[in-house]
Structure formats: structure tokens, C-alpha cells
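So the structure is just underneath, and the comments pick up after that.
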Amino acid sequence: MQVPPFSLTQQLAELGPDLDEAVLRVLRSGQYIGGAEIESFEQAFANSLGVPYVVGCNSGTDALVLALRALDIGAGDEVISCSFSFFATAEAISSVGATPVFVDVEADTYLIDLEQIEAAITPATRALLPVHLFGRPVNMEQLMAIANKHGLKVIEDCAQASGAAWNGRSVGSWGDVGCFSFFPTKNLGGAGDGGAVSTHDAKLAQRMRELAVHGMPRRYLHTELGYNSRLDALQAAVLNVKLPRLSCWVEKRQAIATRYQTLLTNLPCLELPEQTKASHLQHAWNQFVVRVTSCPINQSNSESLGKPSKTNGSNTLPDSSCRDWLKQSLLEHGINTIIYYPIPIHLQPAYEGLRQGPGSLPVTEQLCSQVLSLPIFPELSEEQQQQVVSMLHKLLSPATTTQMSKVA
């Protein structure tokens, strides 16, 4: 039995009639840009987040760019974020002319290390951009306290965190702007690219709405240079069908994550993501990411252990051979996994100019060499999950292991 890392097959089968009706309704209406579907989704999504304003846009990346532009962040400004994220987090900062400043992440949560933020603040710092990575929310009370102390704006990267909350408040409702992606693999995914920004500020919402349509407050009047970044009506129609089911899907993801935590406890070679039993933290589990910290001593590729992994022409990362061996071994037994992310942003060739080389963010670099995302999606069956768990035990159970260096 093949186990995919993610699948929409069952979800689409279950939602098929509703999706067909919604899409055909849009096609027959002839209104593909703007209109009732967009308005309905923006209002429903705003209600679900607990904010008064949501503006749909073309993608999660565009959501970040619109937020930065609306807050007048640009050339000469610095934005503090983390390097352990998808490239778009930093790319958006650079796209508006600002400079990303990376701080390290926590080894147990994979999230930006809040204790390191203040040391990175300079007179040029304008904003903090926390990433709710893999569906786990950052401690927004602590982060907002830092931002308020230093007069900084906060832009939440919620691309992987629809359905997540901190202390009862949804991600995207804490900062100045929340930025969401509706890429098909997200907890709330469309049928293509899509995104949205959320805010409590009416003026910010209006400016982001105008920027998303060529800086146009009314037809053929352009007050500034903007973008063509609209959420189309077909995507909104799909999202209108899916949004009421989001909380149920998140609950199923949480149940799958709990089973993984239980069934993989104390398994050699693996470190599981930090347990999330605290009532103030609602993890949305867009991914279930483990750390492969060592290999069984009889692992066939043991002769390669300890060798650094190439990332680009000059930079290297800590050894990833144990993680890579486990990924390949699982694949050979029909279990597909994903690596998020093999190369940290600060070591990408595009950011060589920042001169933040190997060793500058040790936790981030270690994680990029160890992390592996196990299959997780709402429709993952217990039989499929048991297959994943059984194979991990079969591959990793030998008590004697070759220990690799790992972050404390």
C-alpha cells in the first residue's frame, strides 16, 4: 500500500457535488473577477479569524508583499524573521526593497527564538515577521510585547497555519497584518494559487485592497504603483465550500499527530515535535515534522556518516545522511515523505550578499539536515498511519545507534 505525504483524492470525492455546483455557479454567472463569491469568502474568513477585515489576493507570497507595502516598509528598512521557512518569507521582504534579518529558531518548536529578537533590533528595524511554521503558532503574547516595547510593526506569516490559534485567538488576528496562503496543500486550500491578508485596521485593509488592483481606489484612477493580485471568483467559490469544514479537518490532523506522538515515543534516532498539550496553544498540524538525529549502526550508508552536505557552490550544512537514508528507505517501502526545508534561506545563493554564512544560525542549519515530514492529512487512515509507524520501528528499532551531533 502506497502512503502519500498528502492527498486530496478522498476530500475531493466527498466534496465533489458541492464543488461542482459552486464552480458551475461561477462559470454560468460570467463574473470571474470580484463579485459575490469574493465578498462572501472574505467576510466568512474574517469571521473565522475574529477580525473585521480580510482582503483576498493572488497568493500567500503576494499577501506578504501587500502587507509590507501597506505598512510603508521599503528601502533602508530591516525586517526580523527566521531562515527556517519557505523562501517566500524573505523574498517578500526583499521584493519591497527592505532587508531580511534572520535570527535562529528553537530546536523543539522550530519557531523563531523570541529570546534572540531584541539583540537583532537596530535603528533600521521596522517590523517583526514571525512564521507560524508547520501549523504551530508562535507565542504571540510574548512577540507582541517585544514589538510594542520597540515600536515595531508585526506581520504574521500564517501560510501554513489556517486553523491555528494562540491563547484562544486565531493566528492572523494578533499583528498589524496576517498573511495566508490557500495553495492546494494547505489546511484550507483552493484549486490553485490564492491568498489573503487580515487586519483590524480599516485604512490598512483599504490600502491593501487598492494595491492588489494596480494601486486603484476607483476605476482608472491610480494613486500609486500596485500589483495585479486578485483572488479570483472560482478560487473563492472553492474556498467557500471548504471553509466550514476547516475546524473538523484540523481536529482530524490533531488526532493523527497525537497518534504519531504516542506510537513513536522513545523510538531511537527520532526526535518528535514538542508536545502541544497546553490549552493556550492550538496547533493546526499542516505538517508533522520529526528530526532524524542518528542512524542504526547497521545502516548500509554508514560509511558516509559525518560528511557535510553541500548546499551550493561554497556553503555546507551539517551531515544529513541519516535523514536522507531514512527518507529513501521509507520510499522503498511505499511511504512518501517530504523535507521542509533542506537549505535554509540564509544559505541560498540568492542571499549570498547578506554574508550570513554557515554556522551563523546553528539550530536552523542543524534542523535543515535532520527534519523529515511524515504523511499527514485529514483523510489519512489509521491503517496507512500504522504502516508508517511500523516501518519506522522496523528501520530504527535496533538499540545500538551511531550517534550524530544534534542541537541540545
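The values are calculated or read from the model by the stated rules, or taken from the named source; none is laboratory data. Keep in mind that this is a model prediction, so the values were computed, not measured. Note that each Cβ is placed from the backbone with ideal geometry, even for glycine, and that neighbours are counted across all protein chains shown. The accessibility values were calculated without ligands, DNA or RNA, using every heavy atom of the protein model including side chains. Shrake-Rupley method; radii C 1.70, N 1.55, O 1.52, S 1.80 Å.
Determine whether His214 is out of contact with any strand residue (DSSP E or B) (no Cβ under 6 Å at 6 or more places or on another chain), of a type outside the set (S, T, N, Q), under 30 Å from Ala70 (Cα atoms) and touching a residue at least 60 places away in the same chain (Cβ under 8 Å).
Details: out of contact with any strand residue (DSSP E or B) (no Cβ under 6 Å at 6 or more places or on another chain): yes; of a type outside the set (S, T, N, Q): yes; under 30 Å from Ala70 (Cα atoms): yes; touching a residue at least 60 places away in the same chain (Cβ under 8 Å): no.
No: the conditions fail for His214.
Can you name the residue in the range 344-383 that is in a helix (DSSP H, G or I) and among the small types (Gly, Ala, Ser) and, of all such residues, is surrounded by the most Cβ atoms within 10 Å (Cβ to Cβ)?
Our first condition is that a residue be in a helix (DSSP H, G or I); within the range 344-383, this holds for 345-347, 349-354, 362-370, 382-383.
Restricting the remaining residues to those that are among the small types (Gly, Ala, Ser) gives 350, 353, 369.
Details: Ala350: 12, Gly353: 9, Ser369: 28.
Filtering the range 344-383 for residues that are in a helix (DSSP H, G or I) and among the small types (Gly, Ala, Ser), the one surrounded by the most Cβ atoms within 10 Å (Cβ to Cβ) comes out as Ser369.
Inside the range 211-239, can you point out the residues that are assigned to a loop (DSSP other than H, G, I, E, B) and either of a type in the set (Asp, Glu) or closer than 20 Å to Lys186 by Cβ (or both)? Let's see the steps before the verdict.
So the first thing to find is which residues in the range 211-239 are assigned to a loop (DSSP other than H, G, I, E, B), and the list is 212, 214-217, 219-220, 222-227, 229-231.
Matches in the range 211-239: Ala212, Glu224, Ser229, Arg230, Leu231.
Do you know which of the residues in the range 206-230 that are among the hydrophobic types (A, V, I, L, M, F, W, C) and open to solvent by 10 Å² or more (accessible area, probe 1.4 Å) is nearest to Ser48 (Cα to Cα)?
Quick first cut of the range 206-230, residues among the hydrophobic types (A, V, I, L, M, F, W, C) only: 208, 211-213, 216, 221, 225.
Those still in the list that are open to solvent by 10 Å² or more (accessible area, probe 1.4 Å) too: 213, 216, 221, 225.
Numbers: Val213: 25, Met216: 28, Leu221: 33, Leu225: 31 Å.
Selected residue: Val213.
If I ask for residues that are in a strand (DSSP E or B) and open to solvent by less than 10 Å² (accessible area, probe 1.4 Å), which ones from the range 75-98 would you list?
As a first pass, look at the range 75-98 and keep what is in a strand (DSSP E or B): 78-82.
Within the range 75-98, Val79, Ile80, Ser81, Cys82 qualify.
Among the residues in the range 146-161, are any over 20 Å from Gln254 (Cα atoms), touching a residue at least 60 places away in the same chain (Cβ under 8 Å), among the aliphatic types (A, V, I, L, M) and open to solvent by less than 10 Å² (accessible area, probe 1.4 Å)?
yes
I need the full set of residues from the range 27-42 which are among the hydrophobic types (A, V, I, L, M, F, W, C) and either exposed (fewer than 14 other Cβ atoms within 10 Å of the Cβ) or in contact with an Asp or Glu (Cβ under 6 Å, 6 or more places away or on another chain) (or both), in order please.
Start the filter on the range 27-42 by keeping residues that are among the hydrophobic types (A, V, I, L, M, F, W, C), which leaves 27, 33, 36, 38, 41.
If the condition is that a residue be among the hydrophobic types (A, V, I, L, M, F, W, C) and either exposed (fewer than 14 other Cβ atoms within 10 Å of the Cβ) or in contact with an Asp or Glu (Cβ under 6 Å, 6 or more places away or on another chain) (or both), then Leu27, Ile33 are the ones that fit.
Contact list please: Cβ distance under 9 Å, first residue in the range 23-34 and in contact (Cβ under 8 Å) with a residue 40 or more places away in the chain and part of a loop (DSSP other than H, G, I, E, B), second residue of a type outside the set (Val, Ile, Thr) and open to solvent by 80 Å² or more (accessible area, probe 1.4 Å), pairs at least six apart or on different chains.
Gly34/Arg230
Looking at Gln282, is it open to solvent by 40 Å² or more (accessible area, probe 1.4 Å), of a type in the set (S, T, N, Q) and either modelled with pLDDT under 95 or more than 21 Å from the chain's Cα centre (by Cα) (or both)? Lay out the reasoning, then the answer.
Working: open to solvent by 40 Å² or more (accessible area, probe 1.4 Å): yes; of a type in the set (S, T, N, Q): yes; either modelled with pLDDT under 95 or more than 21 Å from the chain's Cα centre (by Cα) (or both): no.
Here the answer is no, as Gln282 does not meet what is asked.
Leu12: in a helix (DSSP H, G or I) and either among the β-branched types (Val, Ile, Thr) or under 25 Å from the mean Cα position of the chain (by Cα) (or both), yes or no? So that I can check it myself, show each step before the final result.
Details: in a helix (DSSP H, G or I): yes; either among the β-branched types (Val, Ile, Thr) or under 25 Å from the mean Cα position of the chain (by Cα) (or both): yes.
Spelling it out, Leu12 is indeed in a helix (DSSP H, G or I) and either among the β-branched types (Val, Ile, Thr) or under 25 Å from the mean Cα position of the chain (by Cα) (or both).
Could you identify the single residue in Asp72, Asp62 that is within 21 Å of the chain's Cα centre (by Cα) and either among the charged types (D, E, K, R) or in a loop (DSSP other than H, G, I, E, B) (or both)?
Values: Asp72 fails: within 21 Å of the chain's Cα centre (by Cα).
Only one candidate qualifies: Asp62.
Return the residues of the range 99-142 that are basic (Lys, Arg) and either open to solvent by less than 10 Å² (accessible area, probe 1.4 Å) or closer than 22 Å to Ala75 by Cα (or both); say none if nothing qualifies.
Taking the range 99-142 as the starting set, the residues that turn out to be basic (Lys, Arg) are 126, 136.
If the condition is that a residue be basic (Lys, Arg) and either open to solvent by less than 10 Å² (accessible area, probe 1.4 Å) or closer than 22 Å to Ala75 by Cα (or both), then Arg126 is the only one that fits.
Of all residues being touching a strand residue (DSSP E or B) at 6+ places or on another chain (Cβ under 6 Å) and open to solvent by 20 Å² or more (accessible area, probe 1.4 Å) in the range 43-58, which is farthest from Gly163 (Cα to Cα)? Just the residue, please. So that I can check it myself, show each step before the final result.
Residues of the range 43-58 touching a strand residue (DSSP E or B) at 6+ places or on another chain (Cβ under 6 Å): 45-46, 49-51, 53-57.
From what's left, open to solvent by 20 Å² or more (accessible area, probe 1.4 Å): 50, 53.
On the way: Gly50: 12, Tyr53: 17 Å.
For the range 43-58, the residue satisfying everything is Tyr53.
Looking only at the range 337-385, count every residue that is free of Cβ contacts under 8 Å to residues at least 60 places away in the same chain and under 30 Å from Leu246 (Cβ atoms) and tell me the total.
3
When the residues of the range 168-189 are narrowed to those that are farther than 25 Å from Met144 by Cβ and out of contact with any Lys or Arg (no Cβ under 8 Å at 6 or more places or on another chain), which ends up least open to solvent (accessible area, probe 1.4 Å)?
Keep residues of the range 168-189 that are farther than 25 Å from Met144 by Cβ, which gives 182-185, 189.
In the following step, the residues that additionally are out of contact with any Lys or Arg (no Cβ under 8 Å at 6 or more places or on another chain) were identified as 182-185.
Details: Phe182: 2, Phe183: 95, Pro184: 33, Thr185: 56 Å².
Filtering the range 168-189 for residues that are farther than 25 Å from Met144 by Cβ and out of contact with any Lys or Arg (no Cβ under 8 Å at 6 or more places or on another chain), the one least open to solvent (accessible area, probe 1.4 Å) comes out as Phe182.
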